[in-house]
There are 2 protein chains.
Amino acid sequence: MAEIQSLARGLKILELLAQAENGVSVTELAEELGVDKSSASRLIQTLATYGFAEQDPTSRRYRLGPQVVRLSRSLLTRMPLRDEAKPFLRQLVERTGECAHLAILAQGQALYVDQVESPASLRVTTGVGTLAPLHCTALGKCLLAFDNGIALPKELPSYTPRTITDPEVLRLHLEQTRRQGYAIDDEEYDFGVRCVAAPVFDYRGKVIGAIGISGPAGRMGLDRLPHYAQVVMDAARELSNRMSFRRS
Amino acid sequence: MAEIQSLARGLKILELLAQAENGVSVTELAEELGVDKSSASRLIQTLATYGFAEQDPTSRRYRLGPQVVRLSRSLLTRMPLRDEAKPFLRQLVERTGECAHLAILAQGQALYVDQVESPASLRVTTGVGTLAPLHCTALGKCLLAFDNGIALPKELPSYTPRTITDPEVLRLHLEQTRRQGYAIDDEEYDFGVRCVAAPVFDYRGKVIGAIGISGPAGRMGLDRLPHYAQVVMDAARELSNRMSFRRS
DNA sequence: CAGTTTGTTGTGTATTGTACAACTGCCTGG
DNA sequence: CCAGGCAGTTGTACAATACACAACAAACTG
């Protein structure tokens with residue numbers, strides 16, 4: 001009895017609401033959870049009274065409520081790494097003209113927690129809150145390569161023809177990443193998008209996140225990547241220094 | 001029995017986690033909820049297994065988990081208004097040099113759901129997910145003035161000496177807002193910050209949100225406000241047109 | 001190292017969440 | 001326009017489950 005059933009069901013409902021495109025009906029919820037309509041109805045009513053869900057008056061379907069946005073903000077604003085990283089992200093955008101991102105490890109995936117947009121009209125925006133796989137993104141590879149505690153993902157799903165799907169190839173690739181101190185994503189997750197990222201460490205040398213830039217392959221030619229890598233690494237190193245002082 | 005107790009308690013815990021600066025201990029949770037330590041422990045364990053809470057390994061205190069950021073993203077990306085508004089927010093920043101915001105009504109407050117930052121080094125950023133009072137912000141006043149269904153807030157707390165705290169004064173002020181088609185916040189919520197906002201309507205003429213700009217009082221002189229108001233209203237009107245086509 | 005505080009794990013009991021059923025409002029088709 | 005079906009909510013009885021109490025483990029403090 002280590003898990004509160006009805007709370008767990010409520011949380012599952014939140015996830016279902018997040019996945020659903022156009023809201024979810026009570027009957028669908030009941031089917032998905034394997035409970036009666038009445039139970040599903042009461043559960044989501046509770047979610048609604050606390051602002052975590054909302055009912056569309058006409059269709060009677062439920063969707064996520066504004067409360068989740070508030071919670072998210074609380075989490076993000078209370079993240080020291082995010083505060084410290086912001087100026088470096090801006091700096092990266094200034095120096096490279098591409099979008100800059102900050103990600104941390106969350107549930108075996110890379111969670112994008114901040115972004116500064118490029119001024120270019122063609123830009124690669126990855127919304128804050130996005131979860132991306134570790135094995136085919138530059139930020140993810142950084143987390144994977146420099147975090148000793150983490151194991152390689154069992155599955156290496158393919159997103160583009162360039163995605164590394166062989167565990168052994170990935171292992172070697174990560175070793176190289178460790179050696180050179182930065183990671184590259186060469187159209188392995190999104191067609192036509194290249195990324196460069198470097199790890200951020202705390203005072204104990206533990207990886208706490210990664211910062212990097214993403215841009216269209218056209219602008220981010222392979223020959224220019226080493227230059228970008230240097231810029232990103234410099235920023236990451238300086239940010240790591242900053243984080244070392246905030247021993248929280 | 002219209003409310004599932006344990007789910008409600010779990011949601012209250014989430015709110016407590018959001019408010020707490022440095023995480024919350026199990027004992028604190030138990031006290032706050034009026035339940036036993038053991039119950040609080042099991043509730044938050046359930047939250048943790050689903051990624052809604054995280055335990056700091058050293059301090060054993062709990063904080064919000066990454067799952068809430070994911071949910072938030074789902075909600076925000078599924079918001080048609082947000083997609084449509086983005087280019088107009090960028091346009092506002094370009095034309096005025098100040099930060100632009102989009103807000104909707106949520107739980108009797110203005111919820112900031114998007115922002116485009118000003119390039120100026122002195123800028124007014126209001127994080128996405130912020131809740132602000134309706135009676136002393138430009139975006140809030142728009143929602144208040146143009147939404148027929150909504151009642152005036154009972155309490156009109158004061159944030160600066162300029163905050164309107166008299167209901168009658170506010171009523172007249174909102175009438176003027178309706179007449180002129182835009183709202184102003186003249187340092188009524190934040191010292192030294194002025195805002196201008198205009199409402200966004202759907203195809204039925206119902207307010208679905210508001211967009212506006214915020215800047216330091218130094219740059220946003222009172223004499224320039226009418227000009228800014230025109231720019232904001234133009235954008236809001238065009239955005240309203242766009243929204244009329246998406247009859248969802 | 002003893003004492004104290006804090007978090008987690010058993011366990012019996014009663015509260016509470018659940019399924020079943022009845023009810024209401026809505027939509028659809030004849 | 002009405003009959004039939006469907007989706008969502010409310011009532012109710014029962015049993016599952018979440019709860020308080022207690023014991024235990026672990027960490028902090030003096």
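The values are calculated or read from the model by the stated rules, or taken from the named source; none is laboratory data. These figures come from a predicted structure and were not determined experimentally. Reconstructed Cβ throughout: ideal geometry from the backbone, glycine too, with neighbour counts over all protein chains shown. These accessible areas exclude ligands, DNA and RNA; they are computed on the full protein's heavy atoms, side chains included. Shrake-Rupley method; radii C 1.70, N 1.55, O 1.52, S 1.80 Å.
Might you let me know whether segment A:65-83 holds any residue that is within 15 Å of DNA strand D (Cβ to nearest atom) and over 19 Å from the mean Cα position of the chain (by Cα)?
Yes, some residue in segment A:65-83 is within 15 Å of DNA strand D (Cβ to nearest atom) and over 19 Å from the mean Cα position of the chain (by Cα).
So if I check each of A:VAL169, A:VAL128, A:VAL200, A:VAL113, which one is away from chain B (no Cβ under 14 Å) and buried (at least 21 other Cβ atoms within 10 Å of the Cβ)?
So the residue among A:VAL169, A:VAL128, A:VAL200, A:VAL113 that is away from chain B (no Cβ under 14 Å) and buried (at least 21 other Cβ atoms within 10 Å of the Cβ) is A:VAL200.
For segment A:91-109, which residues satisfy the criterion of being of a type in the set (Gly, Ala, Ser), at pLDDT below 95 and buried (at least 16 other Cβ atoms within 10 Å of the Cβ)?
A:ALA106, the sole residue that qualifies.
Return the residues of segment A:101-136 that are polar (S, T, N, Q) and free of Cβ contacts under 8 Å to residues at least 60 places away in the same chain; say none if nothing qualifies.
A:GLN107, A:GLN109, A:GLN115, A:SER121, A:THR125, A:THR130
How many residues are out of contact with any Lys or Arg (no Cβ under 9 Å at 6 or more places or on another chain), open to solvent by less than 60 Å² (accessible area, probe 1.4 Å) and over 25 Å from A:GLU15 (Cα atoms) when one looks only at segment B:33-58?
Residues flagged as out of contact with any Lys or Arg (no Cβ under 9 Å at 6 or more places or on another chain), open to solvent by less than 60 Å² (accessible area, probe 1.4 Å) and over 25 Å from A:GLU15 (Cα atoms) within segment B:33-58 amount to 1.
When residues of segment B:211-235 are filtered for being of a type in the set (A, V, I, L, M, F, W, C), in a helix (DSSP H, G or I) and touching a residue at least 40 places away in the same chain (Cβ under 8 Å), how many remain?
Number satisfying all stated conditions: 6.
In segment A:172-197, how many are open to solvent by 10 Å² or more (accessible area, probe 1.4 Å) and β-branched (Val, Ile, Thr)?
Number of matching residues: 2.
If a residue must be near DNA strand D (Cβ under 8 Å from one of its atoms), open to solvent by 10 Å² or more (accessible area, probe 1.4 Å) and either charged (D, E, K, R) or more than 7 Å from chain A (Cβ to nearest Cβ) (or both), how many such residues does segment B:1-32 contain?
Selection size over segment B:1-32: 3.
Has segment A:126-142 got any residue that is in the same structural domain as A:LEU102 (by TED's automatic domain parsing) and on the phi > 0 side of the Ramachandran plot?
Yes: segment A:126-142 contains one or more residues that are in the same structural domain as A:LEU102 (by TED's automatic domain parsing) and on the phi > 0 side of the Ramachandran plot.
Can you tell me how many residues within segment B:22-38 are without any contact (Cβ under 8 Å) to a residue 24 or more places away in the chain and either within 17 Å of A:SER72 (Cβ to Cβ) or within 9 Å of DNA strand C (Cβ to nearest atom) (or both)?
Selection size over segment B:22-38: 6.
Name the residue that is nearest to A:ASP186 (Cα to Cα), counting only residues in segment A:203-241 that are open to solvent by 80 Å² or more (accessible area, probe 1.4 Å) and touching a strand residue (DSSP E or B) at 6+ places or on another chain (Cβ under 8 Å).
Selected residue: A:LEU222.
Say whether the condition of being part of a loop (DSSP other than H, G, I, E, B) and either aromatic (Phe, Trp, Tyr) or within 11 Å of chain B (Cβ to nearest Cβ) (or both) is met by at least one residue in segment A:67-86.
Scanning segment A:67-86, I find at least one residue that is part of a loop (DSSP other than H, G, I, E, B) and either aromatic (Phe, Trp, Tyr) or within 11 Å of chain B (Cβ to nearest Cβ) (or both), so the answer is yes.
Given (1) surrounded by 21 or more Cβ atoms within 10 Å (Cβ to Cβ); (2) modelled with pLDDT of 90 or more; (3) in contact with a strand residue (DSSP E or B) (Cβ under 9 Å, 6 or more places away or on another chain), where does B:HIS135 come up short, assuming only one miss?
Among (1) surrounded by 21 or more Cβ atoms within 10 Å (Cβ to Cβ); (2) modelled with pLDDT of 90 or more; (3) in contact with a strand residue (DSSP E or B) (Cβ under 9 Å, 6 or more places away or on another chain), B:HIS135 violates only (3).
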